[in-house]
Amino acid sequence: MNAPALLEKYFAENRTGFAIVVEHSRLVAARAVAVGVALKLAPAELQFIEEAALLHDIGVCRIKAPHLDCHGSAPYICHGIIGRQILDAEQLPAHALVCERHIGVGLTVADIIQQQLPLPHRAMTPTTLAEEIVCFADLFYSKTPDRIGQEKSVAEVRQGLHRFGPHKVEIFDSWRAKFCYT
């Protein structure tokens, strides 16, 4: 499976969005693989983590985000479920679940209902170690063009998650402990 080629296929009409998503995804993949190496995961699991991290934002190609030169009709929050649809169609069901479950530290049905998100009412929280690792790594990097490449500190990640409740920070902190990340 060639993750960069898949991204290029879906961002063929949007070179700006492609460049931003690829740069962001490479940073996320590097951090995710580093976590996997520190956990002494098997080579096949590391390969999956790298591929999934590279593809986790493929759904951005169909959202409405002018700052990313994306002119689809779906709101940004939908990029996870759109990514799942794309990767399910590409016969990559495990990668597809990473797409759907990587938003923040995951979205519960209660989150979706309380925040009135335009998403299906189903749990979209990481359930595997690989999903947790990609989700965790993604929290440290933005796709905002002027912040690409700038790593967020742990304090910045915690502050951003706190907007959604202390329980989201607790999940992040539990991952930090699990992944030996200070």
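The values are calculated or read from the model by the stated rules, or taken from the named source; none is laboratory data. The structure displayed is predicted, hence computed values, not measured ones. Neighbour counts run over all protein chains shown; Cβ positions are idealised from the backbone, glycine included.
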Query raised in the report: Under the condition of being of a type outside the set (A, V, I, L, M, F, W, C) and not in a helix (DSSP H, G or I), which residue from the range 1-22 is nearest to Ala89 (Cα to Cα)?
Result: Asn2
Query raised in the report: How many of the residues making up the range 53-75 are over 13 Å from His24 (Cα atoms), in a helix (DSSP H, G or I) and in contact with a helix residue (DSSP H, G or I) (Cβ under 7 Å, 6 or more places away or on another chain)?
Result: 4
Report summary line: Output for Cβ contacts, cut-off 6 Å, separation at least six or different chains, first residue under 21 Å from Ser25 (Cβ atoms) in the range 122-135, second of a type in the set (Asp, Glu), reads Met124/Glu100; Pro126/Glu132
Query raised in the report: Scanning the range 42-53 for residues that are aliphatic (A, V, I, L, M) and either in contact with an Asp or Glu (Cβ under 9 Å, 6 or more places away or on another chain) or touching a residue at least 12 places away in the same chain (Cβ under 8 Å) (or both), which turns out surrounded by the fewest Cβ atoms within 10 Å (Cβ to Cβ)?
Result: Leu46
Query - Pick from the range 23-41, criterion surrounded by fewer than 18 Cβ atoms within 10 Å (Cβ to Cβ) and assigned to a helix (DSSP H, G or I), ranking: nearest to the chain's Cα centre (by Cα) - result: Arg26
Requested in this report: Might you let me know whether the range 54-67 holds any residue that is farther than 17 Å from Pro120 by Cβ, in contact with a Phe, Trp or Tyr (Cβ under 7 Å, 6 or more places away or on another chain) and surrounded by fewer than 21 Cβ atoms within 10 Å (Cβ to Cβ)?
Outcome: yes
Query raised in the report: In the set Lys152, Lys178, which member is of a type outside the set (Asp, Glu), surrounded by 14 or more Cβ atoms within 10 Å (Cβ to Cβ) and in contact (Cβ under 8 Å) with a residue 40 or more places away in the chain?
Result: Lys178
Query raised in the report: Do we find a residue being modelled with pLDDT of 95 or more and touching a Cys at 6+ places or on another chain (Cβ under 9 Å) anywhere in the range 17-27?
Result: no
**Report entry** Checking Ala19 against (1) surrounded by fewer than 20 Cβ atoms within 10 Å (Cβ to Cβ); (2) farther than 25 Å from Trp175 by Cβ; (3) of a type in the set (A, V, I, L, M, F, W, C); (4) touching a Lys or Arg at 6+ places or on another chain (Cβ under 9 Å), the condition it does not meet
**Finding:** (4)
Query - Answer residue from the range 69-91, given it is over 16 Å from the mean Cα position of the chain (by Cα) and among the aliphatic types (A, V, I, L, M) and is surrounded by the fewest Cβ atoms within 10 Å (Cβ to Cβ) among those - result: Ala89
**Report entry** Pick from the range 109-127, criterion among the β-branched types (Val, Ile, Thr) and surrounded by 15 or more Cβ atoms within 10 Å (Cβ to Cβ), ranking: nearest to Val35 (Cα to Cα)
**Finding:** Thr125
Requested in this report: Evaluate the following for Cys99: is it crowded, with 19+ Cβ neighbours inside 10 Å, farther than 27 Å from Ser174 by Cβ and either touching a strand residue (DSSP E or B) at 6+ places or on another chain (Cβ under 8 Å) or not acidic (Asp, Glu) (or both)?
Outcome: no
